[in-house]
Amino acid sequence: MICLIAMKKKIKISLIWIILIIATLLRLINLGAESIWIDEATSLYHAQESFMGNIKWVASDTNLPLYNIFLWQWIRLFGISEIAIRSLSVIFGIMSVFMIYLLGKRLFSKKIGILSAIFLSISSAHLYYSQEARSYSLFIFLSLLSTYFFYNYLTEKKGRLFYVITTILMIYTHIFSVFVILIQNL
């Protein structure tokens with residue numbers, strides 16, 4: 001009996017790794033095939049400025065700074081090719097797939113977590129935004145992370161600091177954060 005339980009656990013762990021590998025491959029396919037479009041070019045242009053120049057631009061624009069700060073550092077490490085600048089969003093997209101697994105498992109069951117991860121990993125909208133050098137995949141990741149810590153805080157009265165930190169990071173990523181916070185508190 002113990003052997004069967006251990007085997008089921010190994011299968012579920014292996015399954016999430018397979019899902020993450022598939023999610024990674026799907027996000028890497030044709031990553032550099034399209035040219036950089038205007039919004040990505042704007043992000044890239046400002047990410048090449050000095051750190052303070054980037055912050056000043058963000059202060060006068062409707063975009064929020066967190067993704068641009070990450071991109072500012074990312075291009076210094078990996079360059080400015082289409083693949084290099086979009087790979088930052090790929091990483092956040094993959095982490096979102098894992099995070100939705102954890103959230104689904106926490107809220108419902110491992111089976112729901114796995115199904116959620118499968119659906120997000122093959123979602124055409126999520127694939128698209130995971131391949132774009134913009135803040136959307138970071139926003140999705142931080143929304144899932146914030147919701148995870150929010151639920152932990154509600155149920156176990158633990159993790160309040162993590163909830164506050166991830167929510168602040170989410171707020172500094174996208175204006176739609178107000179809707180996530182509103183839904184969490186409803």
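With a ≥ b ≥ c taken as the square roots of the eigenvalues of the C-alpha gyration tensor of the stretch 79-154, please select rounded if a/c is under 1.5 and otherwise prolate if a/b is larger than b/c or oblate if it is not? Show your work: numbers first, answer last.
Values: a/c = 3.20, a/b = 1.85, b/c = 1.74.
The shape class here is prolate.
With no solvent and one point on each alpha carbon, what is the Debye value of log10 I(q)/I(0) for the chain at q = 0.09 Å⁻¹?
Each listed q corresponds, in turn, to -0.37.
Express the accessible area of the stretch 13-101 per residue in Å², computed with a 1.4 Å probe while the remaining protein chains stay in the model.
Numbers: 4670 Å² over 89 residues.
I get 52 Å² per residue for the stretch 13-101.
How far is helix 136-156 tilted off the main Cα axis of the chain, in degrees rounded to 10, range 0 to 90?
So the helix axis and the longest Cα principal axis differ by about 40 degrees.
Can you divide the C-alpha Rg of the stretch 112-186 by 2.2 N^0.38 Å and report the result to two decimal places? Kindly include the intermediate steps, with their values, before the conclusion.
Values: Rg = 13.2 Å, N = 75, 2.2 N^0.38 = 11.3 Å.
Compactness ratio reported: 1.16.
Between A125, A47, A23, where does the largest GNM mean-square fluctuation fall for the chain, given springs only between Cα atoms within less than 10 Å?
It is A125.
May I ask you to give the percent of accessible area on the stretch 100-186 that is carbon plus sulfur, with a probe radius of 1.4 Å? Could you put the intermediate results ahead of the total?
Details: 3490 of 4830 Å².
Percent of accessible area from carbon and sulfur atoms in the stretch 100-186: 72.
How tilted is helix 110-122 with respect to the longest principal axis of the chain? Cα atoms for both, answer in degrees (0 to 90, nearest 10).
Tilt relative to the chain: about 30 degrees.
To the nearest 20 Debye, how big is the dipole of the stretch 75-186 about its Cα centre, given +1 on the beta carbon of each Lys and Arg and -1 on that of each Asp and Glu?
Numbers: 10 positive and 3 negative charges, 78 e Å.
Charge dipole of the stretch 75-186: 380 debye, to the nearest 20.
Please turn the phi angles of the stretch 98-103 into ³J(HN,Hα) values with the Karplus equation 6.51 cos²θ - 1.76 cosθ + 1.60 (θ = phi - 60°), one per residue in order, whole Hz, x for glycine and proline.
5, 5, 5, 4, 4, 5
Relative to the longest principal Cα axis of the chain, at what angle does helix 38-47 sit, 0 to 90 degrees, rounded to 10?
80
The values are calculated or read from the model by the stated rules, or taken from the named source; none is laboratory data. Note that the structure is a prediction, hence the values are computed from the model and not measured. Here Cβ is always computed from backbone atoms with ideal geometry, including for glycine, and neighbour counts include all displayed protein chains. Heads up: the accessible areas ignore ligands, DNA and RNA and are worked out on the full protein's heavy atoms, side chains in. Shrake-Rupley method; radii C 1.70, N 1.55, O 1.52, S 1.80 Å.
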